[in-house]
1. Taking the conditions exactly as written (assigned to a loop (DSSP other than H, G, I, E, B) and touching a strand residue (DSSP E or B) at 6+ places or on another chain (Cβ under 7 Å)), does GLY210 satisfy them or not?
2. Answer yes or no: is there a residue in the range 108-120 that is surrounded by fewer than 16 Cβ atoms within 10 Å (Cβ to Cβ), assigned to a loop (DSSP other than H, G, I, E, B) and modelled with pLDDT of 95 or more.
3. Filter the range 10-19 for residues that are closer than 20 Å to THR143 by Cβ and assigned to a strand (DSSP E or B); which is nearest to the ligand (Cβ to nearest atom)?
4. Among the residues of the range 211-222, is any farther than 23 Å from HIS45 by Cα and β-branched (Val, Ile, Thr)?
5. With the requirement that a residue be surrounded by fewer than 19 Cβ atoms within 10 Å (Cβ to Cβ), hydrophobic (A, V, I, L, M, F, W, C) and away from the ligand (no atom under 16 Å from the Cβ), what does the range 29-62 give you?
6. Are any residues in the range 221-243 surrounded by fewer than 16 Cβ atoms within 10 Å (Cβ to Cβ) and within 14 Å of the ligand (Cβ to nearest atom), and if so, which ones?
7. Name the pairs: first residue in the range 158-177 and under 17 Å from LEU129 (Cα atoms) and part of a loop (DSSP other than H, G, I, E, B), second residue modelled with pLDDT of 95 or more and of a type outside the set (Val, Ile, Thr), Cβ to Cβ under 8 Å, at least 6 apart or on different chains?
8. Condition first: assigned to a strand (DSSP E or B) and touching a residue at least 40 places away in the same chain (Cβ under 8 Å). Now tell me which residues in the range 20-52 satisfy that.
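The values are calculated or read from the model by the stated rules, or taken from the named source; none is laboratory data. Just so it is clear, the model here is predicted, and its values are computed rather than measured. Positions of Cβ are backbone-derived with ideal geometry, glycine not excepted, and every protein chain shown enters the neighbour counts. Quick note on the areas: whole protein, heavy atoms, side chains included, nothing else; ligands and nucleic acids left out. Shrake-Rupley method; radii C 1.70, N 1.55, O 1.52, S 1.80 Å.
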Amino acid sequence: MIKRAVVRGVGHYLPERVVENAEFEASLDTTDEWIRTRTGIERRHFAAEGETTSQLAVKAAQAALADAGLAATDIDAIVVATSTPDFTFPSVATMVQAGLGSTTGFAYDVQAVCAGFVFALANANGLILSGQATRVLVIGAETFSRIMDWTDRGTCVLFGDGAGALVLEAAEGSGTAGDRGILSVDLHSDGRYREILYVDGGVSSNGQAGHLRMQGNAVFKHAVQKLAETAHTALDKAGLDGGAVDWIVPHQANLRIITATAERMNVPMERVVVTVQDHGNTSAASIPLALSVGTARGQIKQGDVVVTEAIGGGLAWGSVVLRW
Ligand code: UT7
């Protein structure tokens, strides 16, 4: 028998304000048609003035705890993936802990931009397998609307705000791919590509939050190649092939990247959870949001093989394979 990190609950929260593509036509040289056809995005949610990443995260965490039938005090560790924290410090995770009314366990953030949730999931898996925690809340939460340059049509139409959360719990497994829980992890980064996706501000450089800058085309090419590769590797590590995949739950950046990755993996689009049309790119929140929406839609069911994959600034990318 071996230990596995099994999903016990899932939930999400989206800010109330929905912004349709057409709203950008008033202030930018863009069209609903361009945004839809080039990205698949139709609308996104933006946080209200004063609404912060930790507030979105607390609501997603409460939904996941309710789904798991657990209280905050049942949780040993809270890991939040975010690149848009409320403050330079303390971590969003400790703010979530306080927001949930818990004083037990430990909490911290991880930062791997759009790949953040995959890295956080891998990290939480490590906490459980090493015996440091029995139940971990893993959250992806972002307010990317705060770092948009509203004059840059190449980026500001792409991103949205939101949060998603999973409760992982230690369970006994047989060590085979038939087990529920996280089956394999594959992570990568290559810091040489900093210039194609970055924020032009920060604590130790200019003391500002900065704005997101992206060479979309260059990132697109890396995404199409690297995402299918890492998903294949993770499946190999789990002892599974493309035919065993019930659901790909990809980072939701661009429908064309999602489609190309599924094609390269030989998985039909009917087995891909797609939410990009309604959420835009919510960075580290996009996968847990898609897991939560995919479960609520009745797509993802207990026992299904789920492949998550993501790439973002760094570059950092990776894949986690789990049986729901
Ligand atoms: O989540 C982190 C990872 N990020 C990603 O995965 C994003 C990856 N990149 C992409 O999704 C795509 O590259 C974009 C959606 C950002 C851009 O699509 P593209 O097909 O790569 O377009 P492009 O950047 O090559 O631009 C094509 C044209 C350009 O005009 P010219 O130079 O051909 O005259 C752009 O200026 O489209 C123009 N353009 C726009 N036109 C109308 C760029 N943004 C817009 C816009 N509306 N919003």
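1. The answer is yes for GLY210.
2. no
3. Residue satisfying both the conditions and the ranking: VAL19.
4. Yes, because at least one residue in the range 211-222 is farther than 23 Å from HIS45 by Cα and β-branched (Val, Ile, Thr).
5. ALA48
6. LYS221, GLN225, listed by residue number.
7. Matching pairs, first to second residue: THR176/GLY239; ALA177/LEU183; ALA177/ALA238; ALA177/GLY239; ALA177/LEU240; ALA177/ALA244; ALA177/ARG323.
8. Start the filter on the range 20-52 by keeping residues that are assigned to a strand (DSSP E or B), which leaves 20, 43-46.
ARG43, ARG44, HIS45, PHE46 - these are the residues of the range 20-52 that are assigned to a strand (DSSP E or B) and touching a residue at least 40 places away in the same chain (Cβ under 8 Å).
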